[in-house]
Amino acid sequence: MNDIPATSAAAPAADRLAAIARGETFETVTHASVAREDAILEVVDFRLHYGAKQALFDINLRVPRGRVTALIGPSGCGKSTLLRSVNRINDLLSAVRISGDMRLNGDSIYAPGVDVIELRKRMGMVFQKPNPFPMSIYENVVYSLRIDGERNAGVLDEVCERSLRGAALWDEVKDRLQESALGLSGGQQQRLCIARAIASEPEVLLMDEPCSALDPIATNKIEDLMDRLSGDYTILIVTHNMQQAARTSDFTAFMYLGRLVEYGRTEDMFRKPELRETEDYITGRFG
Amino acid sequence: MALLHFNRDLENLKKQFLSLFALVEDNLRKAMRSLEERNDELAREVIRGDKSVDGAEVGVEEECLKILALHQPVGQDLRYITAILKINRNLERLGDQAVAIARITHALRAQPMPEWPPEIGEIAEKALRMLQLAFESIIHLDTAIARQVWTGDDEVDELTERALLTLRSEMRAHPERLDALLGLNSLVYILERVADHATNIAKDVLYTVLGEIVRHRGKEFKRG
């Protein structure tokens, strides 16, 4: 953890960015306000290579429990790679090598012997494009419970309603639960995906640009939903929309070329970031 | 726009802002009472209380900047936040006016107080009433009340002229009361400033609702 005031930054922003581009060591500036938070997810010295190319460099990040944390940064900065490493989706790519670890509620995510399927049940994932399964609304929501062998109709009904209510979709679909999910609008489909993700009561909800395929009204609904879910759920969201990060998240992590550059409370990151690089990025001067 | 989050931040801002407004109004009334009752202890309380006003002013400004940075409000929301930023500065200065009145009480604590020209009481009553109305106009975003404040300013200006003339002739007639009369002279100017601040607040309320900068455009906007 560092407390470097912006004005004392020894190297000018451009020099530091160039140094990062040359692959030199860079120490993340993590604000003291983050360090005080109780972390549900901890990323520790995490590195990731795609073949010969290193995509993530020594990431150390503590994701506060019950809060919304946004990962921002220009394209190719590694924010989606980092998010996808949390539920080990990157394992599916053969050329990926990692070192370091992540811990969910203290349990290692990458230790040998971790059951990846069990691990993923502890996390919900919402993707850029809504991906409802080609089945009814009801079956979409209770899918994970079915997979786990739950057959009690009462339990399934209850989870379905609770999850749809949690995703602010219940009132819109309660009379057509048996209809195909593919008939819903894009925004409704995305909320259905959130309902499906929270049905198994995950410890963390991972969102990878969840609104980028949605119109402003649907985006608004998802953002309000994130607000409602925070507290009960921890949300880690990747967004290329800085304003979205500003208005929806409690904490913001700024990444650049595979490094975590600066990490702090969103209101601090967007009002008085400690590093000039962050300032330049959020004010649109690069990236 | 994440409306839930925005609305929550906006509600917090309103709470902070209105409690600052109430605090300033209270300090001004206390300051006036301290002078009327020659209560030096009350005057000291007002002077000490200004620290809270300054702290609250900074808090409101921080909250406005946070909302601007995080939510990028537009339309009436944008006008409301910028109006609060400006009114906030007026409130801080009104807090200083309360202190200035309290300082008069303190400075004159050992002096016999001459009878006040009746205009001073009238100005005080009107200026404080204008401030109270300005408060209501921002709570309800009510343009009619805001205009009432604006027109009130003309009456205060007129009363101020008269009060200053009366004080000047008193000074000539009773040079031995000069200190006290000078104190009252300052009081008149301070109260006039209070009315001016209330008027500025009212104009910012009109701006918030109408979307027009109404300053220097009294002919068009003062009477609706």
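No lab work stands behind these numbers, since they all come straight from the coordinates. As the structure is a prediction and not an experimental result, all values here were calculated from the model. Quick reminder, even Gly has a Cβ in these numbers, built from the backbone with ideal geometry, and neighbours come from all protein chains shown.
Details
- Taking 0.36 nm per residue of sequence separation and removing the Cα-Cα distance, the residue A:215/residue A:97 pair yields an extension gain of 38.8 nm.
- Value of [θ]222 nm, deg cm²/dmol, for chain A, DSSP H segments ≥ 4, -39500 (n - 2.57) each, nearest 500: -9500 deg cm²/dmol
- Histogrammed with a bin width of 5 Å, the alpha carbon distances of chain A distribute as 1, 5, 12, 16, 17, 16, 13, 9, 5, 3, 1, 1, 0 percent, first bin at zero.
- Helix B:118-140 vs. chain B, principal-axis angle (Cα, 0 to 90°, nearest 10): 10
- Counting only DSSP beta bridges whose two residues both lie in the range A:149-282, roughly 50 percent are antiparallel.
- Working from label points 7 Å from Cα in the Cα-to-Cβ sense, the residue A:150 to residue B:19 distance is 4.3 nm.
- Remark: chain A carries a charge dipole of roughly 500 debye about the Cα centre, counting +1 on each Lys and Arg Cβ and -1 on each Asp and Glu Cβ.
- Taking B:48, B:193, B:129 as the candidate residues, the one with maximal mean-square fluctuation in a Gaussian network model of chain B, Cα springs under 10 Å, is B:48.
- The packing ranking of peptides B:198-205, B:34-41, highest mean first, is B:198-205, B:34-41, where packing means the average number of other beta carbon atoms within 10 angstrom of each residue.
- Comparing Cα centroids, the range B:178-208 and the range B:108-159 end up 8 angstrom apart.
- Length gained when the stretch residue A:122-residue A:135 is fully extended (0.36 nm per residue, less Cα-Cα span): 2.3 nm
- At R0 = 51 Å, FRET efficiency that the Cβ-Cβ distance of residue B:169 and residue A:75 yields, to 0.05: 0.05
- For the peptide A:218-224, the mean number of other protein chain Cβ atoms found within 10 angstrom of a residue's Cβ is 3.
- Counting only DSSP beta bridges with both residues in the protein assembly as shown, the antiparallel share comes to about 55 percent.
- Peptide A:30-37 is shielded by partner chain Cβ atoms: per residue, an average of 0 of them sit within 10 Å of its Cβ.
- Reach of residue B:219 by Cα under 21 Å, taken over lysines that are not fewer than 8 positions away in the same chain: B:203
- Here the range A:46-187 yields Rg over Rh of 1.02, to two decimals, using C-alpha coordinates and the Kirkwood radius.
- Global dimensions of the range B:1-110 from alpha-carbon coordinates: Rg and Dmax equal 16.9, 60 Å.
- For chain A, built as a Gaussian network whose Cα springs stay under 10 Å, the top-fluctuating residue of A:31, A:49, A:240: A:49
- Sorting the segments A:194-203, B:65-74 by their residues' average number of neighbouring beta-carbon atoms within 10 angstrom, most packed first, yields A:194-203, B:65-74.
- Shielding by partners - mean other protein chain Cβ count within 10 Å, residues of A:241-250: 4
- Paramagnetic label reach from residue B:52 (point 7 Å along Cα→Cβ; backbone nitrogen cut-off under 15 Å): within the range B:19-45, residues B:19-31, B:42-45.
- The long axis of helix B:40-71 is offset from the longest Cα principal axis of chain B by roughly 20 degrees.
- Taking 0.36 nm per residue of separation and subtracting the current Cα-Cα distance, fully stretching the chain between residue B:8 and residue B:44 would add 9.3 nm.
- Over the residues of chain B, the helix contribution to mean residue ellipticity at 222 nm works out to -30500 deg cm²/dmol, using -39500 (n - 2.57) for each DSSP H run of at least 4.
- Annotation: the residues B:13, B:20, sorted from fewest to most other C-beta atoms within 10 Å of their own C-beta, follow the order B:13, B:20.
- Take the Cβ atoms of residue A:33 and residue B:142, set R0 to 35 Å, and the FRET efficiency comes out at 0.30.
- Volume per residue of the C-alpha convex hull in the protein assembly as shown, rounded to whole Å³: 197
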